[in-house]
């Protein structure tokens, strides 16, 4: 499974999301590759992703995609991340 | 996973900012003062919000100001600004902002090590308020360095 985290620069806030998503996945016992990327490269990087984690600001710019686009409000709240990842992954 | 060292110049306590641009600029100036970036980097951090919106407010009360690695970055660096009066960034859930973290990285992988350390510190839900209320620079360092024990 591939999860992509998206922000404007692809290194700051998406990096926080990547780190915390990896922690949550490990806790859930799930195997996934998590990649942080900037919004400009979302079409290429997320082409084979199952889940995109991002902020509300980027949903429109991400556009049509086969991935589940999941909006995270508090990037440091691993409970929110766990809850939303469990729903997205099913 | 360690954070870049936080020099005195990189920590600004109880700053006064009229709006979000000024708050981000103070965090950028602190990166410039500590020798890690040029003022162009500050401009780039502000442009990120102008272009994409207030997404840098990644948790209640905290903005992570940053831009891409590039010529405006001289070393991996971090700045911490606490605001005397909270500032609205226009975020739907996480306003108002009391703490602005400035982040500069020479290369993306260095950035990621720093953000991992930041996550360690701030995954503690009390940490943002603790930084916002920190009376001294050493108190700020103590909260952020919790990341290095994790």
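The values are calculated or read from the model by the stated rules, or taken from the named source; none is laboratory data. These figures come from a predicted structure and were not determined experimentally. Methodologically, a virtual Cβ is constructed for each residue, glycine included, from the backbone with ideal geometry; neighbour enumeration extends over all protein chains shown.
Please go through the stretch B:55-77 and give me each residue that is under 19 Å from residue B:40 (Cβ atoms), in a loop (DSSP other than H, G, I, E, B), within 10 Å of chain A (Cβ to nearest Cβ) and under 15 Å from the mean Cα position of the chain (by Cα), ordered by number.
Selection gives B:56, B:67, B:68.
Does the stretch B:42-54 hold any residues that are assigned to a helix (DSSP H, G or I) and over 13 Å from the mean Cα position of the chain (by Cα), and which are they? Can you show your working first?
So the first thing to find is which residues in the stretch B:42-54 are assigned to a helix (DSSP H, G or I), and the list is B:42-52.
Across the stretch B:42-54, the qualifying residues are B:43, B:44, B:47, B:48, B:49, B:50, B:51, B:52.
Taking the condition touching a helix residue (DSSP H, G or I) at 6+ places or on another chain (Cβ under 6 Å) and either surrounded by fewer than 20 Cβ atoms within 10 Å (Cβ to Cβ) or more than 18 Å from residue B:58 (Cα to Cα) (or both), does residue A:77 pass? Even if it seems obvious, please write down each step before you answer.
On the way: touching a helix residue (DSSP H, G or I) at 6+ places or on another chain (Cβ under 6 Å): no; either surrounded by fewer than 20 Cβ atoms within 10 Å (Cβ to Cβ) or more than 18 Å from residue B:58 (Cα to Cα) (or both): yes.
Here the answer is no, as residue A:77 does not meet what is asked.
Please indicate, with yes or no, whether at least one residue in the stretch B:78-94 is over 15 Å from the mean Cα position of the chain (by Cα), within 13 Å of chain A (Cβ to nearest Cβ) and assigned to a helix (DSSP H, G or I).
No, every residue in the stretch B:78-94 fails to be over 15 Å from the mean Cα position of the chain (by Cα), within 13 Å of chain A (Cβ to nearest Cβ) and assigned to a helix (DSSP H, G or I).
Please go through the stretch A:1-35 and give me each residue that is assigned to a loop (DSSP other than H, G, I, E, B), free of Cβ contacts under 8 Å to residues at least 12 places away in the same chain and at the interface with chain B (Cβ under 9 Å from one of its Cβ atoms), ordered by number. Working first, answer last.
Step one: list which residues in the stretch A:1-35 are assigned to a loop (DSSP other than H, G, I, E, B), which gives A:1, A:8-12, A:29-32.
Right, trim to free of Cβ contacts under 8 Å to residues at least 12 places away in the same chain and you get A:12, A:29.
Residue satisfying the conditions is A:12 alone.
Does residue A:49 satisfy the criteria of being closer than 19 Å to residue B:64 by Cα, modelled with pLDDT of 90 or more and within 13 Å of the chain's Cα centre (by Cα)?
The answer is no for residue A:49.
Among the candidates B:109, B:124, single out the residue that is touching a residue at least 12 places away in the same chain (Cβ under 8 Å), within 10 Å of chain A (Cβ to nearest Cβ) and not in a strand (DSSP E or B). Please lay out each step first, then the result.
Numbers: B:109 fails: touching a residue at least 12 places away in the same chain (Cβ under 8 Å).
So the residue among B:109, B:124 that is touching a residue at least 12 places away in the same chain (Cβ under 8 Å), within 10 Å of chain A (Cβ to nearest Cβ) and not in a strand (DSSP E or B) is B:124.
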